[in-house]
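**Q** Here it is, the structure, as structure tokens.
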Amino acid sequence: MGFSQWLSLTFIFHAFLSLPISSEPSLSPEVLPQIPVNFLELAKRPDVFDWMVGIRRKIHENPELGFQEFETSKLIRAELDQMGIPYKYPVAETGVVGYIGTGSPPFVAIRADMDALAMQESVEWEHKSKVPGKMHACGHDAHVTMLLGAAKILQDHRHEIQGTVVLVFQPGEEGHGGAKKMLDDGVLENVDAIFGIHVSASHPIGAVASRPGPLLAGSGFFEAVINGKGGHAAIPQHTIDPILAASNVIVSLQHLVSREADPLDSQVVTVAKFQGGGAFNVIPDSVTIGGTFRAFSKESFIHLKQRIEEVITKQASVQRCNATVSFNENDQVFFPVTVNNKDLHVHFQKVAGDVLGTQNVLEMQPLMGSEDFSFFAEVIPGYFFFLGMKNETQGRFESGHSPYFRVNEDALPYGAALHASLATTYILEKQSKPNPPKGSCHDEL
């Protein structure tokens with residue numbers, strides 16, 4: 001883009017955002033659609049894009065597990081300091097919460113998760129993980145980068161934001177329930193709505209996908225120890241075989257979905273852990289199994305949890321074994337169903353359509369994956385969506401939690417622009433509506 005074009009674009013953007021905002025709906029229909037377009041142009045500027053790529057690669061090289069994101073948090077704070085954005089730290093141990101705008105209502109939050117996974121990266125490239133056994137295999141390095149990119153755009157226009165954007169950098173999403181800890185620390189006090197992004201290898205670059213209502217399943221974990229009586233494999237009649245008992249348990253657990261659940265009420269029970277024995281000719285004293293269960297309603301989730309315990313203990317007893325079942329609720333927090341607010345879905349479709357074109361705003365089917373963003377969306381209106389990064393010319397992009405997972409860095413400007421646009425237009429639309437009755441406003445931050 002030439003200098004004259006950029007100057008013209010900047011002038012137009014400031015003209016739009018400098019309009020007086022009052023209780024009167026003074027914003028014309030032509031104004032709001034232009035803001036996301038301008039934000040995308042800003043995010044695609046070579047200097048901004050290169051800056052985002054540099055941040056993402058630094059985070060990728062130094063992955064940190066849940067509630068251990070000390071260096072990631074330090075990098076975020078350094079960037080916020082450089083931009084002059086005030087923040088709170090620590091929040092939920094390693095989290096950071098920044099603030100842009102007036103410090104007054106309306107408040108809207110945009111969120112990124114920070115933690116990596118305990119797995120070895122198999123992608124050979126210049127910025128491969130430098131930490132053995134740890135990898136950003138779910139795109140959280142990109143999520144942090146896009147939120148910082150949005151912060152840069154918003155901070156440059158902070159004087160036009162007649163409200164407050166809350167930047168939520170959240171630790172411990174991967175099974176740790178970091179969102180719940182942030183809620184306990186009060187990060188969403190006074191906040192009216194929250195938005196979250198996740199990169200997706202299933203959707204094309206320049207497209208987004210989501211849906212109103214239930215989007216991602218509620219999830220929990222279980223572990224069971226099945227105790228029998230060990231002995232020599234050649235004389236099984238003198239033993240009580242916990243491996244046979246565990247095998248029957250696993251088969252019976254599959255019947256919970258195939259024979260007890262309504263086919264129209266999606267549920268999953270998966271046993272992914274089986275540990276028992278260490279020799280070919282010795283029947284062990286005990287076997288440990290574990291797995292995950294998921295459902296799209298609280299009632300189904302509670303029922304599934306109850307039946308998992310019943311099936312394990314009773315099937316074990318049939319085989320003369322005894323079993324103890326743990327749901328690891330202290331270490332592995334149960335995630336609620338992620339439910340998208342219907343009003344925010346309308347807002348998202350409008351804004352994303354302005355940024356990407358309506359043909360690139362896709363409606364998707366619910367997924368059995370889970371997200372602790374659901375904790376936020378349980379207490380205030382929330383909206384979670386997927387940002388496409390698939391590009392056939394750049395080879396196959398593996399799905400999350402694969403050691404071959406890659407991020408298409410061309411998606412970073414789209415994520416930054418969408419974050420900034422969703423927050424800004426939400427505030428503008430909120431401000432253009434009549435003021436609520438006296439006494440119902442949120443306090444100032």
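The values are calculated or read from the model by the stated rules, or taken from the named source; none is laboratory data. All figures in this text were calculated on a predicted structure; none of them were measured in a lab. Positions of Cβ are generated from backbone atoms using ideal geometry, with glycine treated the same way; all protein chains shown enter the neighbour counts. The area values use the complete protein model at the heavy-atom level, side chains included, leaving out ligands, DNA and RNA. Shrake-Rupley method; radii C 1.70, N 1.55, O 1.52, S 1.80 Å.
**Q** With Ala193, Ala179 as the choices, which residue is buried (at least 22 other Cβ atoms within 10 Å of the Cβ) and in contact with a Pro (Cβ under 7 Å, 6 or more places away or on another chain)? Please lay out each step first, then the result.
**A** Values: Ala179 fails: in contact with a Pro (Cβ under 7 Å, 6 or more places away or on another chain).
Of the residues listed, the single one that is buried (at least 22 other Cβ atoms within 10 Å of the Cβ) and in contact with a Pro (Cβ under 7 Å, 6 or more places away or on another chain) is Ala193.
**Q** For region 213-256, how many residues meet the condition of being under 30 Å from Tyr383 (Cβ atoms) and open to solvent by less than 50 Å² (accessible area, probe 1.4 Å)?
**A** Number satisfying all stated conditions: 7.
**Q** Residue by residue through region 158-169, note down the ones that are within 21 Å of Val144 (Cβ to Cβ), surrounded by 19 or more Cβ atoms within 10 Å (Cβ to Cβ) and out of contact with any Lys or Arg (no Cβ under 6 Å at 6 or more places or on another chain). I'd like the intermediate steps shown before the answer.
**A** Filtering region 158-169 for residues within 21 Å of Val144 (Cβ to Cβ) gives 158, 164-169.
So of that shortlist, the ones also surrounded by 19 or more Cβ atoms within 10 Å (Cβ to Cβ) come out as 164-169.
Residues satisfying the conditions are Thr164, Val165, Val166, Leu167, Phe169.
**Q** Suppose we filter region 316-369 for residues that are polar (S, T, N, Q) and at pLDDT below 95; how many remain?
**A** Taking region 316-369 as the starting set, the residues that turn out to be polar (S, T, N, Q) are 317, 319, 322, 324, 326, 328, 330, 332, 338, 340-341, 349, 358-360, 365.
Now drop any that are not at pLDDT below 95, which leaves 328, 330, 332.
Residues that pass the stated criteria total 3.
**Q** For Gly395, work out the one condition from (1) farther than 30 Å from Asp184 by Cβ; (2) in contact (Cβ under 8 Å) with a residue 24 or more places away in the chain it doesn't fulfil.
**A** (2)
**Q** Since Val199 meets every condition but one in (1) without any contact (Cβ under 8 Å) to a residue 24 or more places away in the chain; (2) buried (at least 21 other Cβ atoms within 10 Å of the Cβ); (3) of a type in the set (Val, Ile, Thr), which condition does it not meet?
**A** The single condition Val199 does not satisfy is (1).
**Q** Let me ask you something else. Only one of these is over 15 Å from the mean Cα position of the chain (by Cα) and closer than 16 Å to Val199 by Cα: Gly133, Gly139, Gly149. Name it. Don't jump to the end; show me each part of the working.
**A** Working: Gly133 fails: closer than 16 Å to Val199 by Cα; Gly139 fails: over 15 Å from the mean Cα position of the chain (by Cα).
Of Gly133, Gly139, Gly149, the one residue that is over 15 Å from the mean Cα position of the chain (by Cα) and closer than 16 Å to Val199 by Cα is Gly149.
**Q** Another question, if that's okay. Looking only at region 164-191, count how many residues are in contact with a strand residue (DSSP E or B) (Cβ under 6 Å, 6 or more places away or on another chain) and more than 22 Å from Thr72 (Cα to Cα).
**A** Matching residues across region 164-191 total 3.
**Q** Okay, next question. Can we say Gly220 is touching a helix residue (DSSP H, G or I) at 6+ places or on another chain (Cβ under 7 Å) and small (Gly, Ala, Ser)? Please lay out each step first, then the result.
**A** Values: touching a helix residue (DSSP H, G or I) at 6+ places or on another chain (Cβ under 7 Å): yes; small (Gly, Ala, Ser): yes.
Considered against the rule, which asks whether it is touching a helix residue (DSSP H, G or I) at 6+ places or on another chain (Cβ under 7 Å) and small (Gly, Ala, Ser), Gly220 comes out as yes.
**Q** Filter region 149-192 for residues that are in a helix (DSSP H, G or I) and among the acidic types (Asp, Glu); which is nearest to Leu80 (Cα to Cα)? Explain how you work it out, then say what you get.
**A** Within region 149-192, the subset in a helix (DSSP H, G or I) is 149-156, 158-160, 178-184.
Still in the running and among the acidic types (Asp, Glu): 156, 160, 184.
On the way: Asp156: 12, Glu160: 19, Asp184: 24 Å.
Selected residue: Asp156.
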